[in-house]
Amino acid sequence: MIINILGLIEMLMLCLFCVTFALCWTWWHRNTKSKLEPPAYPGALPLIGHTHLLMGDSVRLIEMLMLCLFCVTFALCWTWWHRNTKSKLEPPAYPGALPLIGHTHLLMGDSVHLWNLVKQMSYTTLRMGGVIAMSIGLRTIYVLTDPEDSLTVANACLQKDTFYEFAKPWLGEGLVTGTVSIWKRHRKLLSPAFSQPVLDGFQGVFNSQSRRLVKDLEVEAGKGPFDHWVYMRRNALETICLTTMGVDFRRNSILYSQCEVATEQIFSVIIERLQKFWLHNDFIYSWSSLKKKQDQCLRILHNISYTVLQERKASYLNNKKNGLKASSGTKFKAFLDLLLELSIETGTFNDLEIREEVDTMIAAGHESTATVLMFTLVLIGSYPKVQERLFEELHYVFGEDDRDVTKQDLSRLEYLEAVLKESMRIYPIVALTVRILDKNVKLKNYTLTAGRPCIISLYGIHRHPTWGDDAEEFKPERWLDTRTLPSCSTAFAAFNMGRRICIGKSFAFMSMKTTLAHVLRHYRVKGDHTKMEIKADVLLKPVYGHHISIERRTK
């Protein structure tokens with residue numbers, strides 16, 4: 001959307017240039033007279049002169065129309081030249097461009113229309129070889145669906161699109177929104193916090209939270225379709241707050257309610273600002289009611305994270321050897337404690353940087369996990385044979401025992417992981433990622449020009465011919481035989497690709513596999529993914545048709 005607005009601004013600037021040119025030409029025409037010419041009659045207007053006084057001077061009217069025609073012709077010719085003087089190394093143009101505005105007219109519509117455009121754009125790019133160029137106004141934008149070329153761009157250009165700036169009031173310079181230089185430093189420092197031994201310490205939290213979810217879902221069993229997204233989101237937010245800050249918000253219902261509402265509202269604020277181009281300007285936005293709503297949300301969210309930070313910091317200074325104790329009895333260190341340790345012992349993080357990284361983990365962690373689980377349960381409910389095979393695997397691993405899921409169990413749940421991966425392939429919750437080309441990038445067949453945005457369509461990559469003729473089908477078994485998978489590892493990019501791949505990938509898989517293992521041992525799920533209507537927001541979301549129904553399993 002940001003790219004769309006930049007193109008629109010360029011188009012308006014071109015129109016302004018044409019009008020300015022016409023005014024200057026008129027002024028020059030009227031003021032470069034010989035000194036022998038008589039003085040001008042007062043009252044002349046730009047472009048039309050005294051025509052408004054005459055209301056019948058056909059010669060003047062024709063001159064004015066010819067001048068306007070000249071400006072329009074000049075603009076059209078300039079646009080044609082700009083779009084047709086490309087190097088042979090440039091990719092082919094996406095069809096349907098109009099003079100001046102390019103493909104801007106295709107972008108007009110609601111979030112459902114935009115999602116349909118993303119799909120159409122992805123499929124067209126696949127048919128045209130995996131790389132195309134679009135025009136938004138006078139701005140050229142590249143679109144990629146080729147896995148290898150996409151990886152080349154993702155590794156060569158790390159700067160993300162300016163739309164991430166809208167999240168900076170909340171997340172600051174965290175891993176998702178930070179500039180390249182800050183991201184490099186923070187990523188290196190944070191990597192130990194996502195090591196496998198640290199993640200294994202969270203398994204107790206994943207189990208206790210999964211049991212909470214199973215209990216919460218009891219009220220919906222046998223009552224027909226319901227919106228399970230509400231339950232997934234609430235549980236994921238609780239889980240991420242426990243693992244990130246070491247805080248169990250269920251013990252403070254008021255604080256949790258404030259956090260839940262403020263988090264949901266700040267996402268809607270970002271989306272709304274994204275959709276309203278006039279609010280992209282910081283000055284105009286600062287006077288809007290949406291900015292006031294944002295400030296209210298940020299006061300709550302930043303106050304919560306800052307208060308917890310100060311409490312944990314004081315506790316750490318008093319006794320830095322104490323670990324936190326999960327409800328299951330498992331000792332673990334929250335991410336916040338690990339960051340405080342880095343801050344106090346080495347001075348690598350200040351309090352602001354810690355708060356920004358904690359907020360980033362909460363924002364990126366809970367919404368994405370909940371959305372993947374929501375789509376996955378709909379798909380499982382849509383394919384009875386898949387669900388039956390899942391239950392057989394769970395019964396093989398756990399038998400009739402309703403015990404916790406261990407890290408050894410996770411490695412044995414191969415089909416469950418295959419179902420999760422296939423769900424994320426069919427419905428990549430981040431359908432597009434955008435990089436700014438800070439240099440010319442040479443691909444297999446083309447060279448992309450520096451200074452232009454490049455859209456990497458993860459949705460298109462997941463449907464690349466390398467997946468085979470059944471790329472549109474939900475087939476988890478494809479993941480069980482490496483010979484049936486694409487040779488290019490980046491053909492699966494649900495967690496992004498390249499150097500800025502999601503740092504929480506392993507955390508997410510452990511959490512989601514544990515959750516599904518508990519839920520599917522207790523409930524049989526029914527759904528129909530063919531009824532879903534999808535929209536394009538910050539993450540891929542259903543508009544309707546995603547409800548499921550559950551029935552208790554009998555032992």
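For S411, all conditions in the list (1) surrounded by fewer than 21 Cβ atoms within 10 Å (Cβ to Cβ); (2) out of contact with any Phe, Trp or Tyr (no Cβ under 7 Å at 6 or more places or on another chain); (3) over 22 Å from F507 (Cα atoms); (4) not β-branched (V, I, T) hold save one; what is the number of the exception? Of (1) surrounded by fewer than 21 Cβ atoms within 10 Å (Cβ to Cβ); (2) out of contact with any Phe, Trp or Tyr (no Cβ under 7 Å at 6 or more places or on another chain); (3) over 22 Å from F507 (Cα atoms); (4) not β-branched (V, I, T), only one is false for S411: (3).
For region 425-443, indicate whether the set of residues that are surrounded by fewer than 15 Cβ atoms within 10 Å (Cβ to Cβ) and in contact with a Ser or Thr (Cβ under 7 Å, 6 or more places away or on another chain) is non-empty. Checked region 425-443: at least one residue is surrounded by fewer than 15 Cβ atoms within 10 Å (Cβ to Cβ) and in contact with a Ser or Thr (Cβ under 7 Å, 6 or more places away or on another chain).
I'd like to check which strands (runs of 3 or more DSSP E) are fully inside region 462-555 and have at least 1 residues that are of a type in the set (F, W, Y). Filter on region 462-555 gives 523-526, 540-544. Counting just the residues of region 196-216 that are buried (at least 20 other Cβ atoms within 10 Å of the Cβ) and either touching a Pro at 6+ places or on another chain (Cβ under 8 Å) or not polar (S, T, N, Q) (or both), which one comes out farthest from M245 (Cα to Cα)? Only one residue fits best here, namely L213. Out of the residues in region 174-198 meeting the condition of being touching a residue at least 24 places away in the same chain (Cβ under 8 Å) and hydroxyl-bearing (S, T, Y), tell me which one is nearest to A154 (Cα to Cα). That would be T177.
In region 127-134, the condition of being outside any strand (DSSP E or B) and of a type in the set (V, I, T) is met by no residue.
Selection of region 263-274 for residues being of a type outside the set (F, W, Y) and over 26 Å from F332 (Cβ atoms) yields E264, Q265, I266, S268, V269, I270, I271, E272, R273, L274. Screening the candidates E393, E388, E367, E353 for the property of being part of a helix (DSSP H, G or I), of a type outside the set (G, A, S), touching a helix residue (DSSP H, G or I) at 6+ places or on another chain (Cβ under 6 Å) and surrounded by fewer than 24 Cβ atoms within 10 Å (Cβ to Cβ) yields one hit, E393.
So that you can scan it fast, the table gives a plain yes or no per residue for (1) of a type outside the set (S, T, N, Q); (2) closer than 22 Å to Q310 by Cβ:
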| residue | (1), (2) |
| --- | --- |
| E148 | yes, no |
| N155 | no, no |
| G174 | yes, yes |
| P197 | yes, no |
| V205 | yes, no |
| E220 | yes, no |
| V230 | yes, no |
| A236 | yes, no |
| G246 | yes, yes |
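For region 115-132, the set of residues classified as touching a Lys or Arg at 6+ places or on another chain (Cβ under 8 Å) and crowded, with 21+ Cβ neighbours inside 10 Å consists of W115, S122, listed by residue number.
Looking only at residues in region 519-555 that are touching a Ser or Thr at 6+ places or on another chain (Cβ under 6 Å) and among the basic types (K, R), the one that is modelled with the highest pLDDT is K526. If only residues of region 135-161 that are under 16 Å from H280 (Cβ atoms) and surrounded by 23 or more Cβ atoms within 10 Å (Cβ to Cβ) are counted, the one that is modelled with the lowest pLDDT is G137.
If V230 meets every condition in (1) more than 27 Å from I501 (Cβ to Cβ); (2) crowded, with 16+ Cβ neighbours inside 10 Å; (3) within 22 Å of the chain's Cα centre (by Cα) apart from one, which number is that one? That leaves (2) as the condition not met. Of all residues in region 102-148, which are over 15 Å from L432 (Cα atoms) and of a type in the set (D, E)? Within region 102-148, D110, E148 meet the criteria. Taken over region 493-518, the residue count meeting the criterion of being surrounded by fewer than 22 Cβ atoms within 10 Å (Cβ to Cβ) and closer than 16 Å to L379 by Cβ is 1.
Please specify each residue of region 240-254 satisfying the condition of being buried (at least 17 other Cβ atoms within 10 Å of the Cβ) and part of a helix (DSSP H, G or I). Correct list: I240, C241, L242, T243, T244, M245, F249. Of all the listed residues (E393, E356), the sole one being over 28 Å from the mean Cα position of the chain (by Cα) and either of a type outside the set (S, T, N, Q) or within 26 Å of V176 (Cβ to Cβ) (or both) is E393. Which one is nearest to Y306 (Cα to Cα), of the residues in region 270-293 that are at pLDDT below 90 and β-branched (V, I, T)? Only one residue fits best here, namely I270. Within region 404-451, restricting attention to residues that are in a helix (DSSP H, G or I) and of a type in the set (A, V, I, L, M), the residue that is farthest from L114 (Cα to Cα) is L410. Looking at Y446, is it aromatic (F, W, Y) and over 16 Å from L373 (Cα atoms)? Answer is yes for this residue.
Residue count for region 272-288 under the criterion of being assigned to a helix (DSSP H, G or I) and surrounded by fewer than 17 Cβ atoms within 10 Å (Cβ to Cβ): the result is 9.
The values are calculated or read from the model by the stated rules, or taken from the named source; none is laboratory data. Note that the structure is predicted; figures quoted are calculated from it, not measured. Virtual Cβ from ideal backbone geometry, glycine too; neighbours counted across all protein chains shown.
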